Every structure is written in structure tokens, then in C-alpha cells.
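Written below as C-alpha cells is the structure these notes are about.
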Amino acid sequence: PAGRGLGSFANSLKARLVVMMSEDDRSLLPPGEDWPSMMTRALSRGLAALGERLGDDLDEWRWDRIHQARPQHTLSTTYPEMSGLLDPPVIPASGDGDTPLAGGYSPAYPATITTLSVARYSYDLADWDDSLWVIPLGNSGHPGSDHYHDQSETWRQVKMIPMLYSWDRIIAESRIHQKLDPA
């Protein structure tokens, strides 16, 4: 697949660049260039790109305005004209791969989260009905369901919802009851 190993290569390159800068090794730079001028230009370009994307008010520059999960339904690439109906909403996120709000990304698109924690659980072994859980989207795979992405905001805020175990509480607190009749 395209990009295979890109993450490892990019990490190795970043580590090597740090060493090269500390040793003033200019072998990768254009003739006559130095690291301070290259870094100054890179920072200026980065700030200009952020300004174009986030505006002039630095108080509005937040990581979660750029760092976002963009979930896609499996059929979106096959039927792109239906992606507006099939794809769950974008999920702004403040974390990265090393935080409770874990989210991995491709080195080619570091602000687009491509992998999320599948679920978070907290079990109360003394009272199973006090257990908690959350998933990034919802517990239905049907785009028309109220539960297609109803946990997204709870997940984004690193909060959780009750996970019931005893049948009495499940029945008492359920909103919908279905009866399967094989006949």
C-alpha cells in the first residue's frame, strides 16, 4: 500500500534532523543555507498557514480546530454523492497518540485523526450497574439511527455513560423494546 512505512521513516528523519541541527551539519541544506534561517522560514510559513486556516485572533487557535477525526462510512468511497448522508460528523479532538483521548494519524495528514480508541470502559466490580463506557461514534451502524453517532460528543469530552448489567435495570431504563418472533 502507498505510504507503507512512512511513519517510521518520518520519525527517523525527524530524529536525524535534530542531531544534524545540533551539530550544524548542513549536508541536506541548499548551498549557503543554515539551520536558523531554514527554521525561521519554516516557522513563518507554518504561522501563515495557521492564520489562513484559523484567522487572526490567536485566542481562537486551538488544536481541536485542526486535529479532527473525520469518520467515513464504508460505502462513502463507493458512493461519494451519498457521503453527506452516510458519514458521521467530524469529531474535533484535543489529544494525540499518547493521551486518554488517543487518536493516531498519517504522517502525510497529521491533523486528520485516522484511528481512535475503540472504546473506553470502567468496571465497578462491587456494583456492575455502576460501570461506565463510551465509544467514539454510537452503537448503531445505520446512518439513519439516533444511535449512529450519539456518543461522539461524550467521547470527545473524555466522559462516559452508564453501562447496565442487571436485566431489571436494563429493562427499566431501556427506551425501545423489540420482540423477536421466529414464526
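The values are calculated or read from the model by the stated rules, or taken from the named source; none is laboratory data. Just so you know, these numbers come straight off a predicted model, no measurement behind them. Here the Cβ is made from the backbone with ideal geometry for all residues, glycine too, and neighbour counts use every protein chain on show. Protein only, heavy atoms only, side chains kept; ligands, DNA and RNA dropped before computing areas. Shrake-Rupley method; radii C 1.70, N 1.55, O 1.52, S 1.80 Å.
Tabulated data for the structure shown
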| item | result |
| --- | --- |
| Total formal charge among the other residues, if their Cβ is under 13 angstrom from that of LEU54, Lys/Arg +1 and Asp/Glu -1 | -3 |
| Accessible area in the full protein assembly, largest first, 1.4 Å probe, for TYR121, TYR148, TYR165 | TYR121, TYR165, TYR148 |
| Accessible area of TRP128 in the full protein assembly, 1.4 Å probe (Å², nearest 10) | 110 Å² |
| Residues VAL90 and LEU13, FRET efficiency given R0 of 25 Å [Cβ-Cβ distance, rounded to 0.05] | 0.25 |
| Rounded to 10°, Cα long-axis angle of helix 6-22 versus longest principal axis of the chain | 40 degrees |
| Separation in nanometres of the label points that stand 7 Å from Cα toward Cβ, at SER122 and LEU180 | 3.2 nm |
| Integer Hz, Karplus 6.51/-1.76/1.60 couplings in order for the stretch 152-159, x for Gly and Pro | 4, 5, 4, 4, 4, 7, 6, 10 |
| Restricting the stretch 131-169 to trypsin sites (Lys or Arg not before Pro) in coil, as DSSP defines it, with at most 14 other Cβ within 10 Å | LYS159 |
| Rounded to whole Hz, the Karplus (6.51, -1.76, 1.60) HN-Hα couplings of the stretch 81-94, x for glycine and proline | 5, 9, 4, x, 8, 7, 7, x, x, 4, 10, x, 9, 9 |
| Area of GLU173 that stays accessible when all protein chains are in place (1.4 Å probe, Å², to 10) | 100 Å² |
| Of [x] 1.11; [y] 0.95; [z] 1.00, the label for Rg/Rh (Cα atoms, Kirkwood Rh) derived from the coordinates | [x] |
| Cα shape, the stretch 57-125, gyration tensor, a/c 1.5 rule | oblate |
| Solvent-accessible area of SER166 with every protein chain in place, 1.4 Å probe, in Å² to the nearest 10 | 40 Å² |
| Potential extension, SER83-GLU173 segment - 0.36 nm per residue separation minus Cα distance | 29.0 nm |
| Quotient of Cα Rg and 2.2 N^0.38 Å for the stretch 89-183, N being how many residues it contains | 1.32 |
| Probe 1.4 Å, protein heavy atoms only - accessible area per residue of the chain in square angstrom | 72 Å² |
| Residue of GLY32, GLY138, GLY103 that the Gaussian network model of the chain assigns the largest fluctuation, springs spanning Cα pairs under 10 Å | GLY32 |
| Amide H partners (placed H, <5 Å) of ILE113, local residues excluded | GLN68, ALA69, ARG70 |
| Degrees, to the nearest 10: 35-54 long Cα axis against longest axis of the chain | 40 degrees |
| Euclidean distance of C-alpha centroids, the stretch 83-127 and the stretch 1-69, integer Å | 24 Å |
| Local electrostatic count, PRO162, Cβ distance below 10 Å [Lys/Arg +1, Asp/Glu -1] | -2 |
| Accessible surface of the stretch 94-183, 1.4 Å probe, proportion on carbon and sulfur as whole % | 56 percent |
